[in-house]
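Just below is one structure, and these are the notes that go with it.
The values are calculated or read from the model by the stated rules, or taken from the named source; none is laboratory data. Keep in mind that what you see is a predicted model, and the values were worked out from it rather than measured. Note: ideal-geometry Cβ built from the backbone for every residue, glycine included; neighbour counts use all protein chains shown.
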Amino acid sequence: MNAPLSPQSVRVQLNPDTPPRLREIPYNYTSFSDREIVMRLLGAEAWRVLDELRSERRTGRSARMLYEVLGDIWVVRRNPYLQDDLLDNPKRRAALIEALRHRLHEVDKRREPTSAANPNQERDAKVEQLLSAARKAVQAFEAEFRATWDLRKKARRELARHTRTDNVRFDGYARVTHVTDATDWRVEYPFVVLHPDHEDEVPGLVRSCIELGLTIIPR
C-alpha cells in the first residue's frame, strides 16, 4: 500500500520553486499560523508589511527578535498558568516587559538611518512601521495585567454577594478545565468560572455578570 502524500509535499511538487512556509514565531503550540498571530497582535496592515520584508530576507536577526517578542506575548496570552504567575509576581512581569522592549530597541538599532543617501528609505520606513505596531502591542500587553487585576477584584466583590467566595474561580486550572467549544477555546479562555451552590444564587450571579460586561456560557 502506498503511503499518502502530505499536502505540503503536493504543494512542493506543484510549485518546486516555492520554499515551504514554516512557522517562525516561537512558543506557538496552537493551531494559529504566523499570519493569524501577527494580525491579532499587530493588525492586518502589519502582516502585509512583514510579508513584504520577509521576501527580502536581509535582516534575519532583526526578524527573529521581532518574532521572539510576538512569541512571548502569544504564549502568555494562551497560557492561564503563566498569566497567574505574572499577575502574582510584579518583578517577574516587569522583567519580561523590559526584555520585550530591549529586543525592539535592538531591532531599532539595526535599522539603516533614513537619509537622502540611503537607497533603502522605503524599506526602512516599513521596519519603523512594524516597530511602532510592536511597541503598541507591548504597551497593550503590559496594560492587560493591571486591567485583569482590577476586573478580577471588582468581579470577585460583586459575585461574592451571591455565592461563596471560593465558588468564584479565576485560577488557571478552573479556566483551562472549563474551556469549551462555546468559548471558542482556540481563541479565548474563560475570564472566570462560577460554581453556585444553589439554584437561587443564579439570578444574582447572572445580573452581576451582565453588569460587569461578561458573556455568560452555562454548563
Looking at this structure, is residue 134 surrounded by fewer than 14 Cβ atoms within 10 Å (Cβ to Cβ), assigned to a helix (DSSP H, G or I) and not assigned by TED's automatic domain parsing to the domain that holds residue 203? no
Can you say whether residue 10 is among the β-branched types (Val, Ile, Thr) and modelled with pLDDT under 80, as far as the supplied structure shows? yes
Pick from 126, 154: which is touching a helix residue (DSSP H, G or I) at 6+ places or on another chain (Cβ under 9 Å), more than 19 Å from residue 25 (Cα to Cα), in the same structural domain as residue 50 (by TED's automatic domain parsing) and part of a helix (DSSP H, G or I)? 126
Could you give me the residue pairs with C-beta distances under 8 Å whose first residue belongs to the stretch 33-50 and is under 14 Å from residue 134 (Cα atoms), whose second residue is among the aromatic types (Phe, Trp, Tyr) wherever it lies, and which are 6+ apart or on separate chains? 37/74; 38/47; 39/47; 40/32; 41/74
Quick one: in the stretch 135-163, of everything that is in contact with a Pro (Cβ under 9 Å, 6 or more places away or on another chain) and not polar (S, T, N, Q), which residue is farthest from residue 82 (Cα to Cα)? 162
Residue by residue through the stretch 95-123, note down the ones that are part of a helix (DSSP H, G or I) and either modelled with pLDDT under 85 or in contact with a Cys (Cβ under 8 Å, 6 or more places away or on another chain) (or both). 121, 122, 123
For residue 80, the lone unmet condition from (1) closer than 19 Å to residue 27 by Cα; (2) modelled with pLDDT under 90 is (2)
Provide a single number: the residues in the stretch 157-175 that are within 15 Å of residue 77 (Cα to Cα) and touching a helix residue (DSSP H, G or I) at 6+ places or on another chain (Cβ under 6 Å). 3
